[in-house]
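Novice: Here it is, the structure in full.
The values are calculated or read from the model by the stated rules, or taken from the named source; none is laboratory data. This is a predicted model, so every value here is computed, not measured. FYI the Cβ positions are ideal-geometry reconstructions off the backbone, even for glycines, and counts take in every protein chain you see. These area figures cover heavy atoms from the full protein model, side chains too; ligands, DNA and RNA do not enter into them. Shrake-Rupley method; radii C 1.70, N 1.55, O 1.52, S 1.80 Å.
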Amino acid sequence: MNILLAGGAGYIGSHTCVELINAGHSAVIADDFSNSCPEVLKRLEELTNTKIPFYNIDVADNEKLDKVFKENKIDAVIHFAGFKAVGESCEKPLMYYRNNLDTTFALLEVMKKNNVTKLVFSSSATVYGIPESVPLREGMKTGCTNPYGRTKLMIEEILTDVSAADESLSVVLLRYFNPIGAHKSGRIGENPNGIPNNLMPYITQVAVGKLPSLGVFGDDYNTPDGTGVRDYIHVVDLAKGHIKAIEYAEKHTGTEIVNLGTGIGYSVLDIVKAFEQANGLKIPYVIKARRPGDIAECYADPAKARNLLGWQAEKDLQDMCRDSWNWQSNNKNGYE
Ligand code: UFG
């Protein structure tokens, strides 16, 4: 299939592009570099030995988006085009609602106009809000604690409504847990703007000497060592989940919600220790206060992904720590 990757130059989109091409599909990328840069495309072409059609457009711009569909035969769309920083979404909620919803509306309208009926959406485990219990299953209660999360939940609901009204549509909503790691080449990886908010990029920037020490946000949670527990998943496993989702969408109609996680929870200190062991490095850390909005534990029940899509994570924590460091140590300043 020929797949449009909306927001395909970002961290998850770029890894998905490589896996799509490895699996024998082809990709077209539309991205405005609001959270990525042209160097990503150069490296994608080098890794895949393929010329990837690219459009530097705001995906929310219907006219420009329509041109992409007119100039390429698009079979399906993966929608990664959204802002994703929790803290920033609390400071600039309108910017988040405007961008994340408008990109979705434009994609739906232009898909309809061009008779494209398969869509995979990049959602997040954040839609489970404050979980009543773990592991998290797709049918469990949703709720959000910040505007970013609310855009993900709103889009899930919009896509469900639109697909219910049009029986030709096929929509897969993928709820990601915590993606880390990078392609094994070390040529593409996560490249956060400024000081990282997320755990793994913070750790790798401490390791490379850009930051003095890690702050561990709280050691008094009701977890085995008191620090927060998450379901970390290798970004290449996550990328492969998108291929399975697209192939599922090709053969079915309706809406499916699917968790992409490993089902294993690791604490912040587990991650620090695993990173130190995998890479023979020391990560200095200090215990700090809890970060507002954080929850104690979040990990997936990955059974539906296995049963419905035939997908499960294959890489372990050591692979994730090694590949994250391989990317960071070879690209001290990211793509600069
Ligand atoms: N943490 C630290 N120090 C840091 C950064 C994080 O101790 O400097 C801790 C957090 O408190 C948490 C864990 O590391 O316990 C993971 O934090 P991340 O910020 O890496 O990830 P979150 O689970 O908070 O957030 C991620 C995504 C969000 C998404 C959320 C739920 O970044 O986009 O999962 O799916 F909304």
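A quick yes/no check of all residues on (1) free of Cβ contacts under 8 Å to residues at least 60 places away in the same chain; (2) under 20 Å from residue 116 (Cα atoms); (3) surrounded by fewer than 17 Cβ atoms within 10 Å (Cβ to Cβ):
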| site | (1), (2), (3) |
| --- | --- |
| 27 | yes, yes, no |
| 37 | no, no, yes |
| 42 | yes, no, yes |
| 46 | no, no, yes |
| 49 | yes, no, yes |
| 59 | yes, yes, no |
| 67 | yes, yes, yes |
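Novice: Can you name every residue in region 85-139 that is within 11 Å of the ligand (Cβ to nearest atom), under 30 Å from residue 251 (Cα atoms) and either free of Cβ contacts under 8 Å to residues at least 24 places away in the same chain or open to solvent by 20 Å² or more (accessible area, probe 1.4 Å) (or both)?
Specialist: 126
Condition check ((1) crowded, with 16+ Cβ neighbours inside 10 Å; (2) in contact with an Asp or Glu (Cβ under 6 Å, 6 or more places away or on another chain)) across all residues:
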residue	(1), (2)
144	yes, no
151	yes, no
172	yes, yes
181	yes, yes
209	no, no
213	no, no
230	yes, no
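Novice: I need the full set of residues from region 140-149 which are of a type in the set (Ser, Thr, Tyr) and without any contact (Cβ under 8 Å) to a residue 60 or more places away in the chain, in order please.
Specialist: If the condition is that a residue be of a type in the set (Ser, Thr, Tyr) and without any contact (Cβ under 8 Å) to a residue 60 or more places away in the chain, then 142 is the only one that fits.
Novice: Same structure again: Only one of 195, 287, 264 is open to solvent by 60 Å² or more (accessible area, probe 1.4 Å), within 11 Å of the ligand (Cβ to nearest atom) and in contact (Cβ under 8 Å) with a residue 24 or more places away in the chain. Can you tell me which?
Specialist: It is 287.
Novice: May I pose another question? Count, please, the residues in region 232-255 that happen to be open to solvent by less than 50 Å² (accessible area, probe 1.4 Å) and away from the ligand (no atom under 14 Å from the Cβ).
Specialist: 13
Novice: For region 16-25, which residues satisfy the criterion of being open to solvent by less than 10 Å² (accessible area, probe 1.4 Å) and out of contact with any Lys or Arg (no Cβ under 9 Å at 6 or more places or on another chain)?
Specialist: Result: 17, 18, 20.
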